[in-house]
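Below is one structure, written out as structure tokens; comments come after it.
The values are calculated or read from the model by the stated rules, or taken from the named source; none is laboratory data. All figures in this text were calculated on a predicted structure; none of them were measured in a lab. So basically every Cβ, Gly included, is an ideal-geometry build from the backbone, and we count neighbours across all protein chains shown. To get the accessible areas, we keep the full protein, side chains included, count just its heavy atoms, and leave off ligands, DNA and RNA. Shrake-Rupley method; radii C 1.70, N 1.55, O 1.52, S 1.80 Å.
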Amino acid sequence: MRYLPLSSDDRQAMLHKIGAENINELFIDVPDNALLKGLIDLPKHMTEMEVEQNFQAYSAASVPAGNVPFFVGAGAYRHHVPASVDYQIQRGEFLTAYTPYQPEISQGTLQALFEFQSQVAQITGMEVANASMYDGSTACGEAALMACRVTRKKRIVISGNLHPQYIDVVKTMTKFTDNIVVVDDPTVNKSENLLDQIDESTACVIVQNPDFFGNLTDFTALADQLHQRKILLVVVTTEIVALGAIKSPGEMGADIVVGEGQSIGNGLNFGGPYVGLFATRQQYIRQMPGRICGQTTDADGKRGFVLTLSTREQHIRREKATSNICTNAGLCTLAFTIHMTLLGEKGYRHLAKLNHSNAVKMADKLKALDGVELLNDTFFNEFTVRLNKNAAQVVEQLVELDIIAGLPVSRLYPHNDDLKNDLIIAVTETTSEDDMDMMISELKEVLSC
Amino acid sequence: MLNKQGRPTGNEAAANAGNTGFQSYTGAKGLDQPELLIYEIGNTNHTGVDLPEVEDFETRLGGLERDQEIGLAGLSEPEAMRHYTRLSRKNYAIDMGLYPLGSCTMKHNPRLNEKVARFAGLSDIHPLQPISTVQGALDVIDTLAHWLKTLTGMPAVTMSPKAGAHGELCGLMAIRAALAAKGDERSIVLTPESAHGTNPATAALCGYKVKAIPATTEGRVDLEAMKEALGPDVAAIMVTNPNTCGLFEREILEMADAVHAVGGYFYCDGANFNAIVGKVRPGDLGVDAMHINLHKTFSTPHGGGGPGAGPVVLSEALAPFAPIPYVLAGDDAFDIVEHDVEGGQSFGRMTAFHGQMGMFTRALAYMMSHGSDGLARVAEDSVLNANYVLASLKDVMSASFDGPCMHEALFDDRFLKDTGVSTLDFAKAMIDEGYHPMTMYFPLVVHGAMLIEPTESESKQSVDQFIGMMRHLVKAAKDGELERFSGAPYNAPLKRLDETAAARDPILRWQAPE
Ligand SMILES: Cc1ncc(COP(=O)(O)O)c(C=O)c1O
């Protein structure tokens, strides 16, 4: 077995040193009838080539987004990641290291985390960021819990235009801790009045920008109103590229900003692993969940980095910890940071502009079709159209023509008849004019027959 | 001695220079090069990507344009490559040497797994693209689920959880939902003192009060104390098996029976599954729920802290309460169920989308490579290596408990008594010897814990060298070579770091100098 270095001679010699006759003597503490006598009923070991062939077959049974005109977003976005990012994250020194518990021999991971936290704080317009959560949705759940700790209140008000799976995650994470979660209805093209929902017991209001349907909102006034009543504003961004074009949540007065960082440095990967971004104000750092990297000096006075503020965390605080998170999104944060460093301010803004201009182009083409209504006044790289037909059926018909046309809202809102003709379309820098034209001409056919 | 060109062949001169302690102009020590932050190398005008031009167009941003500078530093591609390559060289890693972090299972990460995880049909697919276009991915999830259920002897598995702690939350939520369905609200979860910190933290997140159960002098859960604490208000016990002292819980069946007798459930922390994979099935031990850290037992890379994956196997009693989504294998196609069915009892959704696909591919490739025969050998060799370490060090270090151990060996600091060397100092001296230290000060049930997990990836030669190094350091400590320990590490990229200062006055991001 290619991964197991011990030879039978080695095993014999080692057993001898231990003073055991055979290997099962080392399993003496296992109750008799629980120690298996034979092998488990699964295939025997395979050569590298055989395993690879198996996975080639699995891979061939799916349609990669890159093979077809592709327009699905809704919380995960297809962007181009420079080759050097994937090379770097596969360096063994990064890939095969553990959490940086021994800072003297983990400065690579730690310095990259410090750079990550700096970038996330800058992009979100906040004072500080942590070293990541699992993904955007769990970061959102953690933000709700943190807001309750900060305000010592229990009621969580959620915009109906937050990604519906994020809403579900917040509900699940707060299910058994006496929280009250109030969720507005989704409104594709009307503004919500969230102030109607708040009361004295409200800890926070959670909104998304750009929202699930692609709309952009200025939350500055909402933030002011909430702050007067000591309620926190949590802003979620599932497409972090957007913040290269639009005002940051921090500039609008957000208290906690969470996001999905997958767009930068990380592939679609069928939903994971992704990277949860979490940023807030300096005054709340001791209530933050997750690991945090901080700057310090070594015994010679040289600058270095360590994991810090660990008295918030499970390994020290146990049941009083701010979160139970341990393993986080490590390597995905590294991919994020390297990609963001390659972009820099200039590249990040340019990438955002490119996404927006492609989306505008596509929206204009769609708007010109009969049977298509563009529902957004504002958007970044994603918008919602209302078709004259059931959107899920249209998508199925277009799949037959090798086009993946977008997300029918009904997939996530199966019981909401008002939304059944709505299709969310994402356009990124990877969408070519040919992709757009193919989709337009086939959609025209499908809608007209 | 001179060679043909008349230059010295030895490195006496260089060694002497080192001893005189002169400082290099750059601060470098040869290949050990200091590295600035990106903000000190690049600036907002640098970039390492070329993007197509954008023609003028009318924006739809509704007046929300970001007009303030963000301050992001950019680097050209060669600068970025050099920056991150230099940083990488300041890390210890499995690829460089034995990584004996107990409880973390730092085993070899096969590169085949990295390769197959990047196949386009498994990586370049969107979680919400039509289900008919992701059949290969669903097949991977379904196949991995089959392996996990078979290896654990459990009837159901949920793939959503993103890491071990997330799996714990999943298991406890299923338990709480199952009890609620019976109208049986309970308030207490029992965890042994030796439990990992995530166990009590998870129980609290699930709204439970935590009660700690003491350990016996043999390093195992005190069954009598547990029985005493059990009652109608106990929702579950959370027991790690093999436990965090590296021992198999001999009375595990009795514990399971005892908790079941009061109507509670048995949550098993499966972080240490590596020791028994292919040899013992938790389903035969009375377990109701257990997470499996794919980033431990099944070798998905730790990546400097993540990502991981923590699928949870469930008993018949808990399966109906599993979170959504889940994959259904139909007669001729796979489906993915994203909403609870009418009258369903799922406790909800733990994450957007469908879990850690990238980790599933890697873990399945690892399992297929080993097969049922190789996986049983993984358990055997990991246990053999750990017992070999225990047998080879117990005459000079203080083993906390009698063996045999499972896949990790626990020592405490009694052997350092009166030497003036602490567990921390000892660990830092290991760094100078070219090793990553073992897990320190965990579990909490012994003083100055040192938990050593060599894993099955180490050859005998490698383990022998590690043992030799440890014996050498023990001797140095007992011989009173204090300085070697108190100032260690001397040869790492940095000397000991001031963690107290970091926490007192936190600097958590780069700030432009005034
Ligand atoms: C015994 C034990 N339980 C739980 C965990 C938590 O797992 P994770 O880090 O994957 O969340 C760990 C790992 O660190 C562990 O060692």
If I build a Gaussian network model for chain A, linking alpha-carbon pairs within less than 10 angstrom, which residue out of A:Gly294, A:Gly253, A:Gly276 has the largest mean-square fluctuation? A:Gly294
At most 14 other Cβ atoms within 10 Å and a DSSP loop assignment: could you name the GluC sites (Glu not before Pro) in the stretch B:316-424 that fit? B:Glu316, B:Glu342
Could you derive backbone 3J(HN,Hα) for the stretch A:224-229 from the dihedral phi with the Karplus parameters 6.51, -1.76 and 1.60 (θ = phi - 60°), listing whole Hz in sequence and x where the residue is Gly or Pro? 4, 4, 5, 5, 4, 9
Could you compute the net charge surrounding B:Phe334? Neighbours are other residues with a C-beta less than 9 Å from the C-beta of B:Phe334; K and R count +1, D and E count -1. -3
I want to verify the translational diffusion coefficient of the stretch B:373-493 in µm²/s; compute it with Stokes-Einstein, Rh as the Kirkwood radius over Cα pairs, at 10 °C and 1.306 mPa s. 108 µm²/s
Charge sum, other residues only, whose C-beta stays under 15 Å from A:Asp218's C-beta, Lys/Arg counted +1 and Asp/Glu -1: -4
Straight-line reach only, C-alpha to C-alpha below 25 angstrom: list the lysines that B:Lys90 could link to, leaving out same-chain residues fewer than 8 apart. A:Lys302, B:Lys29, B:Lys107, B:Lys296, B:Lys428, B:Lys495
Tail weight of P(r) past 17 Å, computed on alpha-carbon pairs of the stretch B:297-407, percent: 72 percent
Chains B and A: accessible area buried, summed over both chains, 1.4 Å probe, nearest 100 Å², reads 17400 Å²
Using a 1.4 angstrom probe on the protein heavy atoms only, line up A:Lys365, A:Lys190, A:Lys17 by accessible area, largest first. A:Lys190, A:Lys17, A:Lys365
Which residues in the stretch A:191-213 have a backbone N closer than 18 Å to a point placed 7 Å from the Cα of A:Asp224 along the Cα-to-Cβ line? A:193-196
Zero-based 5 Å bins, Cα pair distances in the stretch B:213-304, whole percents: 3, 14, 24, 23, 17, 10, 6, 3, 1
Judged on accessible area alone, 1.4 Å probe, highest first, B:Arg86, B:Arg509, B:Arg220 line up as B:Arg86, B:Arg509, B:Arg220
Give me the orientation-averaged projected area of the Cα convex hull of the stretch A:8-60, in nm², one decimal. 6.1 nm²
Could you give the radius of gyration (one decimal) and Dmax (whole number) of the Cα atoms in the stretch B:112-367, in Å? 18.1, 57
Note down the relative contact order for the stretch B:112-367 as a percent, whole number, built from C-alpha pairs under 8 angstrom at least six residues apart. 29 percent
So which DSSP H runs in chain B come out at 20 Å plus along the axis (Cα) with average Kyte-Doolittle of at least 1.0? B:164-181
Specify, per residue and in Å³, the volume enclosed by the convex hull of the alpha carbon atoms belonging to the stretch A:206-250. 68 Å³
May I ask for the net charge around B:Pro443, where only other residues with Cβ less than 11 Å from the Cβ of B:Pro443 are counted and Lys, Arg are +1 while Asp, Glu are -1? -3
Determine the calculated [θ] at 222 nm for chain A from helices alone, applying -39500 (n - 2.57) to every DSSP H run no shorter than 4 residues and normalising by the residue count; nearest 500 deg cm²/dmol. -11000 deg cm²/dmol
Rounded to the nearest angstrom and ordered from largest down, what semi-axes does the equivalent ellipsoid of the stretch B:255-297 get from its C-alpha gyration tensor (root of 5λ)? 22, 11, 6
In whole percent, and with a 1.4 Å probe on the protein chains, what portion of the accessible area of chain A is carbon and sulfur? 46 percent
If you count only protein heavy atoms and use a 1.4 Å probe, how large is the accessible surface of B:Met469, to the nearest 10 Å²? 20 Å²
Under 13 Å from the B:Asp67 label point (7 Å along Cα→beta-carbon), backbone N, the stretch A:213-246: none
√(5λ) per eigenvalue of the Cα gyration tensor, chain B, largest first, Å: 42, 36, 23
Sorting A:Thr237, A:Thr297 on solvent-accessible surface, 1.4 Å probe, most exposed first, gives A:Thr297, A:Thr237
Sorting A:Ala299, A:Asn266, A:Val183 by the position of each Cα along the dipole of chain A (Lys, Arg +1; Asp, Glu -1; all at Cβ), the one nearest the positive end of that ordering is A:Ala299
Looking at the calculated P(r) for the stretch A:287-408, what percent of the C-alpha pair distances fall above 19 Å? 71 percent
The answer for B:His295, listing residues at least 5 apart or on another chain whose modeled amide H is closer than 5 Å to its amide H, is B:Thr300, B:Ala309
Defining a contact as two alpha carbons under 8 Å apart and six or more residues distant in sequence, what relative contact order in percent does chain A show? 20 percent
Please turn the phi angles of the stretch B:26-41 into ³J(HN,Hα) values with the Karplus equation 6.51 cos²θ - 1.76 cosθ + 1.60 (θ = phi - 60°), one per residue in order, whole Hz, x for glycine and proline. 7, x, 6, 10, x, 6, 8, 9, x, 9, 6, 7, 3, 5, 9, 9
Using just the C-alpha positions of the stretch A:83-339 as equal point scatterers, what log10 of I(q)/I(0) does the Debye formula give at each q in 0.08, 0.15, 0.17 1/Å? -0.30, -1.04, -1.31
Taking only protein heavy atoms and a 1.4 Å probe, what accessible area per residue, in Å², does the protein assembly as shown have with all protein chains in place? 35 Å²
Which angle from 0 to 90°, rounded to the nearest 10, does the C-alpha axis of helix A:8-18 make with the longest principal axis of chain A? 70 degrees
Cβ-based charge dipole, the protein assembly as shown, positive-most Cα from B:Met430, B:Ala215, B:Gly480: B:Gly480
Can you give the Rg/Rh ratio of the protein assembly as shown, where Rg is from the C-alpha atoms and Rh is the Kirkwood radius? 0.97
Tally up the carbon and sulfur contribution to the accessible surface of chain B as a whole percent, 1.4 Å probe, everything protein left in place. 49 percent
Evaluate the distance, in nm, between pseudo-label points positioned 7 Å from the Cα of B:Lys227 and of A:Asn193 along their respective Cα→Cβ axes. 6.5 nm
Put +1 on the Cβ of each Lys and Arg and -1 on the Cβ of each Asp and Glu in chain B; which of B:Val463, B:Gly63, B:Leu410 then has its Cα farthest toward the positive end of the dipole? B:Val463
With contacts defined as alpha carbon pairs under 8 Å and 6 or more residues apart, what's the relative contact order of chain B in percent? 17 percent
With every protein chain in place, what's the accessible area of B:Lys394 (1.4 Å probe, Å², nearest 10)? 120 Å²
Using only the Cα atoms of chain A, what do you get for the radius of gyration and for Dmax, in Å? 25.2, 83
